[in-house]
Structure formats: C-alpha cells, structure tokens
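The values are calculated or read from the model by the stated rules, or taken from the named source; none is laboratory data. No experiment lies behind these values; they were computed from the predicted model shown. Note that we place each Cβ from the backbone using ideal geometry, even for glycine, and neighbour counts take in every protein chain shown.
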Amino acid sequence: MLETLYLDHAATAPLAPGVAEAIQAALVEAPGNPSSQHAPGRCAAARIDQAAEQVAGLINAAPGELIWTSGATEASNLALRGVAEFAGEGGHIVSVVTEHPATRDTLKALARQGVRVDWLAVDGDGAIDHAQLDAALAEQPDLVSIMQVNNETGVVHDIPAIAARCAEAGVPLHVDAAQSLGRLAIDVATTPIALMSLSAHKIGGPKGIGALYVRRRAPRAGLAPQILGGGQQRGLRAGTLPTHQIVGFGAAAAWAVEQGLLLQPEWAELRERLWSAIAGLGGLGRNGRAETTAAPFLSVSVAGVHGGALLAGLTEGEPALAVSTGAACSAAKGESSHVVRAMGVAPREAAATIRFSLGPGIDAVAIDAAAARFVAEVQRLRALAAAA
C-alpha cells in the first residue's frame, strides 16, 4: 500500500487518543437503554451526562442545553426546519452564499415550501458585508444562520460581532460550528447565540453523532421538533440515545479541551510553511487571508490544470495525499466549489481547488513531503497540457 499523508482533517479527523477505548467501554459496561429507570439504564444515562458536561465545556454551555443528533447536518436541519415550522406561514431566514450544503440545501428546500430566504454575499476574502447584514436584520427575519469557520476555505466569520448585531435587532442566530469546535474559543455564555450545530468526527470523535446547542435563556429561538416518537430530549428529538457514540464525542471533547486549542499556533505555522513551499509555482490563488483563516486550513485554486486530474494525481501518487477539492458532500456530487466561485474565482480554477486541512500527526517533514508532491504533480499536468 502506498504511503498516505493525511491532510483532510476538515472532512474527518482520525480518532483522538482515548476515544476508541471510551466507546468500547461504553458498549461493554453500559449496554442499557439510557431512558430506562433500572440500574443498567441509569448507568448508561450517567455516562451520557458525563459526556454532556465534556461537550458543553467546549462552548461554555450548560449540559442540559445540548440536543444529541446524528451529526452537524441533522443539527442544522433541526435548527433551520425547526425555526421555520415554529414560525409558520411567512417564515424568513437569512444566511450566507458560502454556507455548507447542510444549510444551503435545507434552505433551498424550505424556500420551495414558501419560506423567504435571503442570501448575504461575500467579498474576495470570503467575508460578509456587515451593512448588508444590518439591512437584512432590519426586516426582522425569524433567524440568521452563519457558519463560524468555512468548511472549504477556513475563513472565519466574526461571530461575536454578528451575534451582537443579531441580539440588538432581536433576531436569533444559528451558528454552524462544525469546523470551529475545538479550533476556536467559543463561549455561548457571553456570546448571544441561540442555536449552534456541533459535530464529533471533526474533533476526533466517532462519525454519526453531533449535537444542537439550544439556548435556554434570551435570545432564544422557537423550535419545532423534526423527529417524533418517544419524547426523548425534552421532546425536541425523539429516539434512543446511542450511549457509546455520545461517550466517544465526550472523550474527543475532553482531548480538545486539553490539546486542541493549544495546537492551533503550530498548525498555523505549518500551514504557512506549506504555502511558502508551493507559492513559487505561480498560477496559484490562495482562498482567504492568513490572518482571517482558521489555523489548519489552506485552500488553493490552481490555474492551467484539470481539477479532476489534479485530485486523482495527488490522491493516487506516491506519497499519496489525502486532500479534497472542498466539501466532501459537494465532491460526491461532482461539483466545483460554490464557495470559491462566490469569492470571485473563475469556474475552471474553482474546479481545480485543493483544500489542505491539518491536524494531529502532521509535522514539518510531512508538510515538506506534501509540498514537493503537490509541486511535482502540478508541473507534470501543466507540461502535459502544454504538449497537447
């Protein structure tokens, strides 16, 4: 098997230390249904309570403000659909053109059902115009939904400032924090965020588990449940809770509290090392400014090559690079990045965009090897195109 350098932590981070062991222990030692009142059920419920404290600690929330879901996608669906249904006829939601498909596709579906959806544009750096946001807030929408860290470029939206604007206007804010959890300091106790989507597998937890933070005090958002049948989780999301997955999320959160934020400066330095090593190629566009991009992210659009050929060459070469063209779900549809197109990148270069996302286990040696492999592959493809 070819050596692979894993540079796709934004898609899924490998399990953090201690997570697999915590999951196994929960499966063996806490097999009861956590909704049951007998001792095995109470044992499972106690482990879930502990995990809730660990995950809530990452955002300074109360454990009881978390609603467990199958992931950030379901959490965002619960937030968006839940608010729209609660608002009833004439619902109105504001979001950003560069959102994750979990938000974009859900809002497009809601728009077909009669919900008014307004989209905020971004500039060449991926930032929104706060004056445009203020104009949208003046119309008193039912919700504003904005991701904190863009999943493709790593561009960071200033959520504290946005939350303050929304609170002043009396409009609840939903934040997709799938990519910011464990990478940025988040404090919902001091930042007026009504709803926040969280994901376990982006921080080294298991796939298939996430959470929606639902603020219990003002500013609050009215929310209609989307999964019925059992009344679990205050009636907001029915279904038997997967104890082992929630425990795994908690273990990953505990690791992130101790290590995640501490590692960000190191990853920022390695990211700049990577950019410096490949920038001399020419014909590269960096999507997002270093100072407004989360530490592990580097998004590069490449001129003069075919996007599909570039990705195939990088992922099948030696060493193979585990990288992506953007969102994993968009790649599955064969689409070029709507995010970088919205930032003004031409369609051909948008289709030849590579996202590097760093994480544990990546060091200077790996970065130098990845840079050399990237440079060689771009040069090879450009030579082939010139000879054609």
Close pairs (6 angstrom Cβ cut-off, 6 or more residues apart or separate chains): modelled with pLDDT under 90 in the stretch 329-357, among the aliphatic types (A, V, I, L, M) anywhere: 336/350; 336/351; 337/350
Qualifying residues in the stretch 210-262 (those that are touching a residue at least 12 places away in the same chain (Cβ under 8 Å) and of a type in the set (Lys, Arg)) - the one nearest to residue 36 (Cα to Cα): 234
Failed item, numbered, when residue 36 is tested on (1) assigned to a loop (DSSP other than H, G, I, E, B); (2) touching a residue at least 12 places away in the same chain (Cβ under 8 Å): (2)
Residue within the stretch 180-201 that is farther than 30 Å from residue 165 by Cβ and in contact with a Ser or Thr (Cβ under 6 Å, 6 or more places away or on another chain) present: yes
Residues located in the stretch 63-90, provided they are outside any helix (DSSP H, G or I) and out of contact with any strand residue (DSSP E or B) (no Cβ under 7 Å at 6 or more places or on another chain): 88, 89, 90
Residue that is farthest from residue 20 (Cα to Cα), among those in the stretch 158-190 that are of a type in the set (Val, Ile, Thr) and out of contact with any Leu (no Cβ under 9 Å at 6 or more places or on another chain): 190
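If you take just the strands (runs of 3 or more DSSP E) that sit entirely in the stretch 184-292, which of them hold at least 2 residues that are surrounded by fewer than 19 Cβ atoms within 10 Å (Cβ to Cβ) and charged (D, E, K, R)?
none
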